[in-house]
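One structure is given below, encoded as structure tokens.
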Amino acid sequence: MKKVLLAAAVLMIAMVACNEKKSKDSIIGSWVMPIEGQPGKMQGIKLEENGEAFSINMATLVYKYWKQQGDDLYLTVKSIGNGMEIEGIDTLKIEKLTADSLILNSNYGYILRYIREK
């Protein structure tokens, strides 16, 4: 009986560990959204496995690094505009993450709706 309980506990721990890894890996990739006022054009962010982040079609907003902790996504970003450069960390809440959809809620009150770039 003890062996069965031990095996069940090990199996549950392995399943939880696999789910956490899969969840983190699923955000890796390129995420885009339409550019308002520019039909057919997309912008977004590329999140790489090594923690680097890159902007897609956004010359004045440069993503550098990313980190996920639970439902929080931290993006190190540099804003280049109006002759000034400002660097900071944007904290976003992951509202929805599927194979092809990413919805982020900003701590400034706006929602970002991305689709996975194929």
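Every number here is computed from the coordinates shown, using simple stated rules; none is lab data. This structure is a prediction, so every number in the text was calculated from the model and none was measured. Positions of Cβ are backbone-derived with ideal geometry, glycine not excepted, and every protein chain shown enters the neighbour counts.
Per residue, how much space in cubic angstrom lies within the convex hull of the C-alpha atoms of the stretch 29-116?
Hull volume over Cα atoms, normalised by residue count, gives 104 Å³.
Provide the per-residue ³J(HN,Hα) series for the stretch 66-80, in order, calculated from phi with Karplus coefficients 6.51, -1.76, 1.60 and θ = phi - 60°, each as a whole number of Hz, with x at glycine and proline positions.
9, 8, 10, 10, x, 8, 9, 10, 10, 10, 7, 9, 10, 9, 10
Taking a point 7 angstrom from the Cα of residue 78 along the C-beta vector, which residues in the stretch 42-68 have backbone N less than 18 Å away?
45-48, 51-67
Name the residues whose placed amide hydrogens come within less than 5 Å of the amide hydrogen of residue 28, ignoring near sequence neighbours (fewer than 5 apart) on the same chain.
none
Under the Karplus relation 6.51 cos²θ - 1.76 cosθ + 1.60, θ = phi - 60°, what is the ordered set of whole-Hz ³J(HN,Hα) values for the stretch 82-94, x standing for Gly and Pro?
Per residue, the Karplus-derived 3J(HN,Hα) values read 6, x, 10, 10, 10, 10, x, 10, 8, 9, 10, 9, 7 Hz.
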